[in-house]
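S.K.: Dropping a structure here in structure tokens format, bear with me for questions.
The values are calculated or read from the model by the stated rules, or taken from the named source; none is laboratory data. Note that this is a predicted model, so its numbers are computed, not measured. Note that we place each Cβ from the backbone using ideal geometry, even for glycine, and neighbour counts take in every protein chain shown.
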Amino acid sequence: MYLTPFDLEPDIHVRFYGVGMTITPVASHLLAPARLGSLPLANRLVMAPMTRNRADSDGVPTALMAEYYAQRASAGLIIAEAATPNAVGRTYPDTAAVHRPAHVAGWRRVTDAVRAAGGGPMFLQIQHGGRVGHPDTSGLTPLAPSPVALPGTLHTPRGKQTAVVPREMTRADIDATVADFAAAARNALAAGFAGVEVHSANGYLLHQFLAASTNRRADAYGGSVDRRIRFVVEVVHAVADAIGPERTGLRVSPGNTVNGITEDDTDELYPALLAALADSGLAYLHIAFADPRRPLFGRLRALWPGTLIANPVLPTDRLPADGGRQQAERVLAAGADLVALGRPFLANPDLVERFRLGAPVNQVRDAYLMYVGGPTGYTDYPRLRQG
Ligand SMILES: Cc1cc2nc3c(=O)[nH]c(=O)nc-3n(C[C@H](O)[C@H](O)[C@H](O)COP(=O)(O)O)c2cc1C
């Protein structure tokens, strides 16, 4: 009989919420070493980017953030939370930034801590909020492709405020924003990241250019699909020129309606975007909320020649008892190369070990604690085995 190294491990006895249990380790493709271009990864599990509002009021990453990421160093790849490339791109209070020397120094503390904890490579997500921003937070009127306000309210330092109508970006604003993304990417590398992820998902600025509901421009950046993808393609190319395509990833969320965005031509939009970028030699394409049962997933996989990271849709708001492992295995089987998980990593610093052991996962304790400062609900999630 063929034995994997895991078969040779003895059963492990742990206590879970005070109850003793015996766990038999299991082997999995998900946990096998992999590569991202030339970067070796300890496993195929990626920590998805998650904004946690634990930077300081100027967007400088804190020592608490370094501790949080170091706790999760066993992920094959960590994609650190959205960081804004300029002041006007800031979304919410205490979110991270990456456009000033103090931001670079703060992020350096984070990447050093993860390295010291034995972690693998980290990418930093660069996000411009576009209309998802408020003068009470950034001191500036938000910029967007068109003057179409975010429906409803958003968090500001003065509590929830009605979203304001953003200012339509001029050609000069577009060029400056593209340049800010490139400069932010250089800053990320100076801070010790292996690369960056351009955030074109979840209703933020780049997604606002892609979707006709938020892009009503009549110039070269609006109208047809080819024109609506242009800004994203320019940002990706500028970042790739600045730091190298092999250090540049892209995140998209086809069909996602978060932040009030609606696409009426998802099935044309994303194939066109991927076709425009397929030859760029990027580090990866990252699909958020990926559903391998949708035909679009297979089409995008077929169109993308490089590494595909899929963040699978989990079936319920509660985490499945296996932490989403079944969904993770399913997207791998459907052609993804790496699997990104968000909340399972948020609530389980030792998620990789739990997967290896087939152990149950901690639930997210209190959704409110996701976006407030401090260690509670952040760095205090228990491991199966302490020490
Ligand atoms: C607290 C929290 C913060 C998030 N922040 C970001 C972010 O900064 N950038 C991003 O692209 N997605 C963000 N997301 C979405 C996650 O990356 C992920 O796509 C989502 O949680 C679904 O994956 P999951 O079911 O494994 O959690 C966030 C999600 C959560 C729960």
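S.K.: On the given criteria, is HIS237 within 22 Å of ALA97 (Cα to Cα), touching a residue at least 24 places away in the same chain (Cβ under 8 Å) and out of contact with any helix residue (DSSP H, G or I) (no Cβ under 9 Å at 6 or more places or on another chain)?
M.R.: Numbers: within 22 Å of ALA97 (Cα to Cα): yes; touching a residue at least 24 places away in the same chain (Cβ under 8 Å): yes; out of contact with any helix residue (DSSP H, G or I) (no Cβ under 9 Å at 6 or more places or on another chain): no.
No, not satisfied.
S.K.: Determine, yes or no, whether PRO315 is without any contact (Cβ under 8 Å) to a residue 40 or more places away in the chain, surrounded by fewer than 16 Cβ atoms within 10 Å (Cβ to Cβ) and away from the ligand (no atom under 12 Å from the Cβ). Give the steps one after another, and end with the answer.
M.R.: Values: without any contact (Cβ under 8 Å) to a residue 40 or more places away in the chain: yes; surrounded by fewer than 16 Cβ atoms within 10 Å (Cβ to Cβ): yes; away from the ligand (no atom under 12 Å from the Cβ): no.
Answer is no for this residue.
S.K.: Within the stretch 183-202, work out how many residues are surrounded by fewer than 21 Cβ atoms within 10 Å (Cβ to Cβ) and either among the small types (Gly, Ala, Ser) or over 24 Å from the mean Cα position of the chain (by Cα) (or both). Please lay out each step first, then the result.
M.R.: So the first thing to find is which residues in the stretch 183-202 are surrounded by fewer than 21 Cβ atoms within 10 Å (Cβ to Cβ), and the list is 183, 186, 189-190, 192.
Still in the running and either among the small types (Gly, Ala, Ser) or over 24 Å from the mean Cα position of the chain (by Cα) (or both): 183, 190, 192.
The qualifying residues number 3.
S.K.: Every residue in the stretch 275-293 that is part of a loop (DSSP other than H, G, I, E, B) and at positive phi, please. Give the steps one after another, and end with the answer.
M.R.: Initial filter on the stretch 275-293 (part of a loop (DSSP other than H, G, I, E, B)): 281-283, 291-293.
Passing the criteria: only GLY281.
S.K.: Please go through the stretch 55-73 and pick out each residue that is assigned to a loop (DSSP other than H, G, I, E, B), out of contact with any Pro (no Cβ under 8 Å at 6 or more places or on another chain) and buried (at least 18 other Cβ atoms within 10 Å of the Cβ).
M.R.: So in the stretch 55-73, the residues assigned to a loop (DSSP other than H, G, I, E, B) come out as 55-62, 72-73.
Applying the additional criterion that residues be out of contact with any Pro (no Cβ under 8 Å at 6 or more places or on another chain) yields 56, 58-62, 73.
Result: GLY59, VAL60, PRO61, ALA73.
S.K.: I need the full set of residues from the stretch 344-387 which are within 15 Å of MET65 (Cβ to Cβ), in contact (Cβ under 8 Å) with a residue 60 or more places away in the chain and within 12 Å of the ligand (Cβ to nearest atom), in order please.
M.R.: PHE345, LEU346, MET370, TYR371, VAL372, TYR378
S.K.: While we're looking at this one, here's another question. Return only the number of the condition from (1) closer than 30 Å to VAL165 by Cα; (2) within 16 Å of the ligand (Cβ to nearest atom); (3) not charged (D, E, K, R) that THR248 does not satisfy.
M.R.: (1)
S.K.: Continuing with the same structure: Could you list, in sequence order, the residues of the stretch 321-343 that are near the ligand (Cβ under 10 Å from one of its atoms), over 22 Å from PRO33 (Cβ atoms) and assigned to a loop (DSSP other than H, G, I, E, B)?
M.R.: Here is the first cut: in the stretch 321-343, the ones near the ligand (Cβ under 10 Å from one of its atoms) are 323-324, 327-328, 339-343.
Okay, now just the ones that are also over 22 Å from PRO33 (Cβ atoms), so 342-343.
Within the stretch 321-343, GLY342 is the sole residue that qualifies.
S.K.: Within the stretch 284-312, count every residue that is among the small types (Gly, Ala, Ser) and either away from the ligand (no atom under 16 Å from the Cβ) or modelled with pLDDT under 95 (or both). Quick ask: steps written out before the conclusion?
M.R.: The first filter runs over the stretch 284-312 and keeps only residues among the small types (Gly, Ala, Ser), leaving 288, 290, 298, 302, 306, 310.
Narrowing further to those that are either away from the ligand (no atom under 16 Å from the Cβ) or modelled with pLDDT under 95 (or both): 298, 302, 306.
Selection size over the stretch 284-312: 3.
S.K.: Which one is nearest to the ligand (Cβ to nearest atom) among residues in the stretch 256-266 that are without any contact (Cβ under 8 Å) to a residue 60 or more places away in the chain and surrounded by 16 or more Cβ atoms within 10 Å (Cβ to Cβ)? Spell out the reasoning first.
M.R.: Of all residues in the stretch 256-266, those without any contact (Cβ under 8 Å) to a residue 60 or more places away in the chain come to 256-258, 261-266.
With surrounded by 16 or more Cβ atoms within 10 Å (Cβ to Cβ) added as a condition, the list becomes 256, 261, 263, 266.
Values: ASN256: 9, ILE261: 13, GLU263: 17, THR266: 17 Å.
Here the residue is ASN256.
S.K.: Of the conditions (1) modelled with pLDDT under 95; (2) surrounded by fewer than 15 Cβ atoms within 10 Å (Cβ to Cβ); (3) on the phi < 0 side of the Ramachandran plot, PRO360 fails just one. Which one is it?
M.R.: That leaves (2) as the condition not met.
S.K.: Which ones in the stretch 74-92 are in contact with a strand residue (DSSP E or B) (Cβ under 6 Å, 6 or more places away or on another chain) and away from the ligand (no atom under 14 Å from the Cβ)?
M.R.: Answer for the stretch 74-92, where residues must be in contact with a strand residue (DSSP E or B) (Cβ under 6 Å, 6 or more places away or on another chain) and away from the ligand (no atom under 14 Å from the Cβ): GLY76, VAL88.
S.K.: Those residues that are in a loop (DSSP other than H, G, I, E, B) and either within 25 Å of the chain's Cα centre (by Cα) or buried (at least 21 other Cβ atoms within 10 Å of the Cβ) (or both), I need them from the stretch 222-242; list them, please.
M.R.: Taking the stretch 222-242 as the starting set, the residues that turn out to be in a loop (DSSP other than H, G, I, E, B) are 222-224, 229.
Answer for the stretch 222-242, where residues must be in a loop (DSSP other than H, G, I, E, B) and either within 25 Å of the chain's Cα centre (by Cα) or buried (at least 21 other Cβ atoms within 10 Å of the Cβ) (or both): just ILE229.
S.K.: Okay, next question. Return the residues of the stretch 167-200 that are more than 16 Å from the ligand (Cβ to nearest atom), in a loop (DSSP other than H, G, I, E, B) and either under 17 Å from ALA105 (Cβ atoms) or touching a strand residue (DSSP E or B) at 6+ places or on another chain (Cβ under 7 Å) (or both); say none if nothing qualifies.
M.R.: Correct list: MET169, ALA191, GLY192, ALA194.
S.K.: With farther than 16 Å from SER200 by Cβ and either in contact with an Asp or Glu (Cβ under 9 Å, 6 or more places away or on another chain) or surrounded by fewer than 15 Cβ atoms within 10 Å (Cβ to Cβ) (or both) as the only criterion, which of ASP291, ASP322, ASP279, ASP337 stands out?
M.R.: Details: ASP291 fails: either in contact with an Asp or Glu (Cβ under 9 Å, 6 or more places away or on another chain) or surrounded by fewer than 15 Cβ atoms within 10 Å (Cβ to Cβ) (or both); ASP322 fails: either in contact with an Asp or Glu (Cβ under 9 Å, 6 or more places away or on another chain) or surrounded by fewer than 15 Cβ atoms within 10 Å (Cβ to Cβ) (or both); ASP337 fails: either in contact with an Asp or Glu (Cβ under 9 Å, 6 or more places away or on another chain) or surrounded by fewer than 15 Cβ atoms within 10 Å (Cβ to Cβ) (or both).
Answer to the selection: ASP279.
S.K.: Inside the stretch 93-126, can you point out the residues that are within 16 Å of the ligand (Cβ to nearest atom), among the aliphatic types (A, V, I, L, M) and in a helix (DSSP H, G or I)? Spell out the reasoning first.
M.R.: Taking the stretch 93-126 and keeping what is within 16 Å of the ligand (Cβ to nearest atom), we get 93-98, 103, 107, 110, 122-126.
Filter once more, so that each one left must be among the aliphatic types (A, V, I, L, M): 96-98, 110, 122, 124, 126.
Of everything in the stretch 93-126, just one residue is within 16 Å of the ligand (Cβ to nearest atom), among the aliphatic types (A, V, I, L, M) and in a helix (DSSP H, G or I), namely VAL110.
S.K.: Output the residues belonging to the stretch 115-151 that are β-branched (Val, Ile, Thr) and either out of contact with any strand residue (DSSP E or B) (no Cβ under 6 Å at 6 or more places or on another chain) or without any contact (Cβ under 8 Å) to a residue 12 or more places away in the chain (or both).
M.R.: To start, the set of residues in the stretch 115-151 that are β-branched (Val, Ile, Thr) comprises 126, 132, 137, 141, 148.
Scanning the stretch 115-151 gives VAL132, VAL148.
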